[in-house]
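Just so it is clear, none of the values below were taken in a lab; they were calculated from the coordinates. Predicted, not measured: the structure shown is a model, and the values here were computed from it. Here the Cβ is made from the backbone with ideal geometry for all residues, glycine too, and neighbour counts use every protein chain on show.
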Amino acid sequence: MLSSVQNPRFLLHHCRRSNPLHHHHHHHRYPKSTHTTALPHPISASLPTSQIQTIQKSILSREKTTRQFAEEFLTRLRLTEPHVKSFLHISETVLNEADEIDRKIDRNEDVGPLAGVLVAVKDNICTADMPSTAGSKLLENYRPPFDATAVKKLKESGAIIVGKTNLDEFGMGSTTEGSAYQVTANPWNLESVPGGSSGGSAAAVAARQCVVSLGSDTGGSVRQPASFCGVVGLKPTYGRVSRYGLVAYASSLDVIGCFGSSVADAGILLQSICGHDKLDATSSTREVNDYTSQFVSKDYFESQPLKGLRVGVISETLGDGVDQEVVSSVRGAISHLEELGCTVTEVSLPSFSLGLPAYYVLASSESSSNLSRYDGVRYGNQTVSDELSSLYGDSRANGFGPEVKRRILMGTYALSAGYYDAYYKRAQQVRTVVQKSFKEALGLHDILISPAAPSAAYKIGEKKNDPLAMYAGDIMTVNVNLAGLPALVLPCGFAKDSLPVGFQMIGATFDEEKLLRVGHIFEQTLQGYNFIPPLIADKI
Amino acid sequence: MGSRALLVLSPAFKSDHVLLNHFTKYGFRHRTFRQTERTRRVGVREYAVHSSLERPDVACLAETARISLTPQEAEEFAPKIQQVVDWFGQLQVVDLQSVEPAIRPDTEAGSFREDNPETFDNREAIIAAIPSYEEPYIKVPKVLNKD
């Protein structure tokens, strides 16, 4: 947060506002492996403000220069990066671009709604002037010949792209340990995972190394790391944002999503990248609404600002198998929504748990097709051979990591003659069932609620050798991709070891506006929580 | 159609609800209660094995997928892949009769652009990325016909 925190530091107790139903007091302890001082951090200055709005206002009024903001972020990035390791590549032209924006402002030229805003981009989104590896050794040093449409739009909005972030290879994974390059640590606890596959993008925003970031979400890869890292994660409707330039994993499921430290920032970022693109045949021609003018100060809120909003809690998501701390944090969020005037009821989606194997069949099948282009011939690392099919086989064997190989093999199996009907076709049928059950539920409710993940962040290495245990953690998120719906994750509490917990709000197709409005009001009225990681509390 | 599908599914999903109930932090544990399924114990996990389909032949799949797996990798991957494929078996015990398969989310069909060729403006970068290039050819080794 850029609002200067100069008040004396108070002792920290994360207590819920007195509420007879909740007895938990979360004690905020510092992780042992950081070098931070033992200073407690304030809870009063904890309301997330829109950093984008703050920066824009400052630079346009010349209160501060773009360069000054850029330098602050770069300093923090340099200090935290040896511990967090969010980035695979950092731009060398950030300060030059900042200076150019300042020059334009001096000349009274138009600078764009994201001018001065440092944005990090997940490394599976193509940037022509920086490597785009998708976290794989196969694409080491690959320079795409074009920018992804989302990147092009960011640049047109005046954003400064600060670098490319770490991810699970080709988007396959839920911890970012699947990267061929490095492991990213959770800024809240450096021994824990940031989540995945967009772990680098989530960690970079959590550690305030950048203002906002882009990720991708095929089965939860924006929403789960947002929950693990205590930041806001937004998955748009399938087709809302162009996929041109997003390295394809599963084409019927992939979307580009947004991270921010506030709902407003995630929403403003989304506004700048969405819209129809003729280069993506699956992109929607539906008009884009104005998402951003509803991010007003809470001074303007009515007393029960969400009165009349019908909220449905998915009953299958708060039962056995979900950590108690997650359940109580989400129930806390539900109470808060009720205080704001929502009508909350439970809704059952019986097909919920079947979505998980259906998702993995579809995703691995589609990925086996999408990754067949990596043959070492036209781009990427080539393993030399004197015969063509071993050139293919060896380049792929040397370039892909084990999880990617396994998923390609599983997908190949599910699509082969004799198995197609048993697996792939049935998974497609389950997709229909999931779509219909959501449609029905969203006919009776404005939004649906669930946790974003069954637990908070676990330790690095804990699930690395157990693929099924890792897949199981995606239960809360995959159905949303099967149905193509938009969803917003925002932090609502803490689990033990001071790891943040987020909850998920799911909306009807193209209803991002409602999600953002509800999320903004929720966030701006939530008292008693500070979602700034201790690692950087004294660096803001 | 939707609500009918849900009704048809509810007896099947009763056991799926039990599935979710058997989540633990340490892994995915489930059992189905159908008497026609054989169950096989693998360590602490129990999976229903669908008996009519052959197990995945990892070496054969690797050849189809054009990935040169080492024998060690094939050995290491086989049980993990088997585990996941067994887990996929849940899809077979569900009644999905007369449910249409959905190939993508129902958020709107996309749109096609005009089928007009355009010259790409950065051929140099495409060529620069080619590992083995000899103007104007992309070089590859010979193709050996295998029997």
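Some values worked out for this structure:
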{"item": "Stokes-Einstein D (µm²/s) once Rh is taken as the Kirkwood radius of segment A:145-278 over alpha-carbon pairs, at 37 °C in 0.692 mPa s", "result": "228"}
{"item": "Shielding score for A:320-329, defined as the mean number of other chain Cβ atoms within 10 Å", "result": "2"}
{"item": "Cα-based reach from A:Lys155 at 14 Å (exclusive), listing aspartates and glutamates while leaving out same-chain residues under 8 positions away", "result": "A:Glu97, A:Glu100, A:Asp110, A:Asp129, A:Asp147"}
{"item": "Integer Hz, Karplus 6.51/-1.76/1.60 couplings in order for segment A:311-320, x for Gly and Pro", "result": "10, x, 8, 6, 5, 5, 9, 10, x, 4"}
{"item": "Test item: A:220-227 mean partner chain Cβ contacts at 10 Å", "result": "0"}
{"item": "Gyration tensor verdict on the protein assembly as shown (Cα atoms; rounded if a/c is under 1.5, prolate if a/b is larger than b/c, oblate otherwise)", "result": "oblate"}
{"item": "Spatial separation of Cα centroids for segment A:388-428 and segment A:461-494, in angstrom", "result": "23"}
{"item": "Sequence of A:Cys229, A:Cys210, B:Cys60 once ranked by neighbouring C-beta atoms within 10 Å, starting from the fewest", "result": "B:Cys60, A:Cys210, A:Cys229"}
{"item": "Entries of A:Lys137/A:Lys164; A:Lys122/A:Lys153; A:Lys298/A:Lys496 with Cα pairs more than 20 Å apart", "result": "A:Lys298/A:Lys496"}
{"item": "Burial ordering of B:Tyr137, A:Tyr374, A:Tyr419, A:Tyr238, fewest other beta-carbon atoms within 10 Å first", "result": "B:Tyr137, A:Tyr419, A:Tyr374, A:Tyr238"}
{"item": "Shielding by partners, peptide A:361-370 (average Cβ within 10 angstrom, other chains)", "result": "1"}
{"item": "Packing-based ranking, highest mean first, of A:459-467, A:480-488, A:131-139, A:196-204 given that Cβ atoms within 10 Å are counted", "result": "A:196-204, A:480-488, A:131-139, A:459-467"}
{"item": "MRE, 222 nm, helices only [DSSP H, n ≥ 4, -39500 (n - 2.57), over chain A, to nearest 500]", "result": "-10500 deg cm²/dmol"}
{"item": "Amide H contacts under 5 Å for A:Tyr458, placed H, 5+ residues apart", "result": "A:Val193"}
{"item": "Dipole of segment A:342-396 [Lys/Arg +1, Asp/Glu -1 at C-beta], most positive-end residue of A:Leu354, A:Ser367, A:Thr343", "result": "A:Thr343"}
{"item": "Cβ crowding within 10 Å averaged over residues, with A:163-175, A:520-532, A:445-457 ranked highest first", "result": "A:163-175, A:445-457, A:520-532"}
{"item": "Neighbour-count order for A:Thr75, A:Thr237, fewest beta carbons within 10 angstrom listed first", "result": "A:Thr75, A:Thr237"}
